[in-house]
């Protein structure tokens, strides 16, 4: 397998409801990525696009074909990826494999979503579709409800009194918002304190408003090229050195593992093994903090902290710059935002920027070399991880 | 290969307070919700069994923000119950004020009735779920 590098990146601001169409958002991010790569649309050999709910949010299916034509990648193969919130990471992983295998040299991968433009009632209904439609939705499951149940299970599993756990969860939210304030691409830019988190209205017990990420609109795109091509295009190629992906069924069928998510541990191990690294080698990580509890579960599943102990680690700065691994310096899903089909590509955008040293000073990690991205879809139904390393 | 216990049959049985599952002839695991193969050993050699509907609460949440079309139901409590036969199943809990659901629920024994969700435009029909109440 050949080495594959990211040679250019592009991203729109993540935001609340806005007026640009999915194709328009994807096109803007794509042209930025292409311009950065010193490539033209005709150089793209294939498109890999994450888009989960375009059919519902704007009555647009098959967005990838319209996007390809729109940006001048005429008649190339264009594929859509749907793994709920993991979609863009899936798209990038797939694109990586096609280039690594030698089938293509230059491809475009990323995602777009208009989750905010749907409005909360429809977004809540459609996000519930990532759970089992017949065996879970009749109970009134919603996406936050899945993680709310995991929160109670986590408290019981690790014997942490719920009020204590909620404080630890709040600390992770506060850190995300702190960095989002410094990220001009972030959706929710505001200062949030632990007190504000604990006083917000309850969405699903025990998750309160600031334990939850927003619905967002946005797009993010990367250009992948083989090592040989990458060296001609840039002197700062970021190599994808490890990829992983795994799947799971409904929550109740994961009973032997919860609150751990087996799919993540399998996916992360694939990525670590492929890259030949261990969790402690990771300098920066963009992980799936759709809810504050998800931060804790993810960090532990990725091997950064001991199970049941990540809350304490966060409180001691272990998940911050200067700690064991700097997590969600973009502001994470919580503050940077969560346009679900695009989120994974947004994470890659952030890691590439960090590795290049191009991020705003207050949130730039000091000289990072290895980054990891982590996205989860549904009830742990899809997990996807990428490891990125400096090629200079 | 025929799907042994379809949602259609599971749904109809549950409307009569009957919880059906699949017992694996190879490894003995009881599977619910129904699948093509056993969740433990992946064998399709399973037979339909009737479960007791009794179990203990493993986790829960009370939902205050409902999906489109179901606003009138909120607030409501979802529980994950470990059935006496082993598998976990999701359902709703009655007999309590949803806003007063606490960690004290975990470990409580429950018995099962049912409630039909009539479906919405995305549903392909009505769908029944277990409705749990405390065992006396």
Practice problem: Give me a single rounded figure for A:147-153: the average over its residues of other chain Cβ atoms within 10 Å of their Cβ. | Solution: 5
Quiz item: Just the projected area, averaged over all directions, of the convex hull on the alpha carbon atoms of the stretch A:143-190: how many nm²?
Solution: 4.0
Quiz item: Top mean-square fluctuation among B:48, B:89, B:57, Gaussian network model of chain B, C-alpha springs under 10 Å?
Solution: B:48
Practice problem: Report, for the stretch B:55-134, the % of DSSP beta bridges that are antiparallel, rounded to 5. | Solution: 90
Quiz item: How would you rank A:159, A:43, going from fewest to most other Cβ atoms within 10 Å of each one's own Cβ?
Solution: A:159, A:43
Quiz item: Which angle between 0 and 90 degrees, to the nearest 10, do you get for helix A:262-275 versus the longest principal axis of chain A when only C-alpha atoms count?
Solution: 40
Quiz prompt | Simple label model, 7 Å out from Cα along Cβ direction - residue B:72 to residue B:3, nm | solution = 3.0
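Expressed in nm to one decimal, what extension gain is obtained for the pair residue A:255 and residue A:97 from 0.36 nm per residue of sequence separation less their Cα-Cα distance? Working shown, then result.
On the way: separation 158, 0.36 × 158 = 56.88 nm, distance 3.23 nm.
That works out to 53.6 nm of additional length.
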Self-check item: Residues residue B:25 and residue A:2, FRET efficiency given R0 of 41 Å [Cβ-Cβ distance, rounded to 0.05]
Solution: 0.30
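Go ahead and estimate [θ] at 222 nm for chain A from helices alone: -39,500 (n - 2.57) per DSSP H run with n ≥ 4, summed, over the residue count, rounded to 500.
Working: 14 runs with 147 residues, N = 392.
Taken over chain A, the calculation gives -11000 deg cm²/dmol.
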Quiz item: By count of other Cβ within 10 Å, fewest leading, how are A:329, A:209 ordered?
Solution: A:209, A:329
Quiz item: How many Cβ atoms of partner chains, on average, are near each residue of B:66-73 if near means within 10 Å of its Cβ?
Solution: 6
Exercise. Return the percentage of antiparallel bridges among DSSP beta bridges fully within the protein assembly as shown, rounded to the nearest 5 %.
Key: 80
Practice problem: Classify chain B as rounded, prolate or oblate, taking a ≥ b ≥ c as the square roots of the eigenvalues of its Cα gyration tensor: rounded when a/c is under 1.5, otherwise prolate if a/b is larger than b/c and oblate if not. | Solution: oblate
Self-check item: Angle in degrees between helix A:143-157 and the longest Cα principal axis of chain A, rounded to the nearest 10
Solution: 50
Quiz prompt | Degrees separating the helix A:343-356 axis from the principal Cα axis of chain A, which is the longest one | solution = 70
Practice problem: Return the whole-Å distance between the Cα centroid of the stretch B:1-49 and the Cα centroid of the stretch B:67-117. | Solution: 22
Quiz item: What percent does the relative contact order of the stretch A:88-230 come to when contacts are Cα pairs within less than 8 Å and at least six residues apart?
Solution: 37
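Starting from the Cα gyration tensor of the stretch A:117-210, take the square roots of the eigenvalues, sort them a ≥ b ≥ c, and report rounded, prolate or oblate (rounded when a/c is under 1.5, otherwise prolate if a/b is larger than b/c, else oblate).
oblate
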Exercise. Kindly identify the stretch B:55-134 as rounded, prolate or oblate by the Cα gyration tensor criterion: order the square roots of the eigenvalues as a ≥ b ≥ c, call it rounded if a/c is under 1.5, otherwise compare a/b with b/c, prolate if a/b is larger, else oblate.
Key: oblate
Practice problem: Determine the shielding of peptide B:86-92 by partner chains: average, over its residues, the number of Cβ atoms on other chains within 10 angstrom of each Cβ. | Solution: 6
Exercise. Treating the Cα atoms of the stretch A:241-365 as identical point scatterers in vacuum, please give the log10 of the normalised Debye intensity I(q)/I(0) at q = 0.09, 0.14 Å⁻¹, two decimals.
Key: -0.25, -0.62
Practice problem: Give the calculated FRET efficiency between residue A:69 and residue A:356 to the nearest 0.05, with a Förster radius of 22 Å applied to their Cβ-Cβ distance. | Solution: 0.10
Exercise. Give, to the nearest whole percent, the P(r) tail of chain A beyond 34 angstrom, counting all Cα pairs.
Key: 20
Quiz item: Put a dot 7 Å past each Cα toward the Cβ at residue B:121 and residue A:195; how far apart are the dots in nm?
Solution: 4.6
Practice problem: Take chain A, connect every pair of alpha-carbon atoms lying under 10 Å apart with a spring to form a Gaussian network, then pick out the residue of A:256, A:217, A:374 with the largest mean-square fluctuation. | Solution: A:256
Quiz item: Can you put A:314, B:88 in order, fewest other beta carbons within 10 Å first?
Solution: B:88, A:314
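Rule-based calculations on the coordinates, nothing more; no lab input. In this text the structure is predicted, and so the values were computed from the model without any measurement. Every residue, glycine as well, gets a Cβ built from its backbone with ideal geometry; the counts of neighbours run over all protein chains shown.
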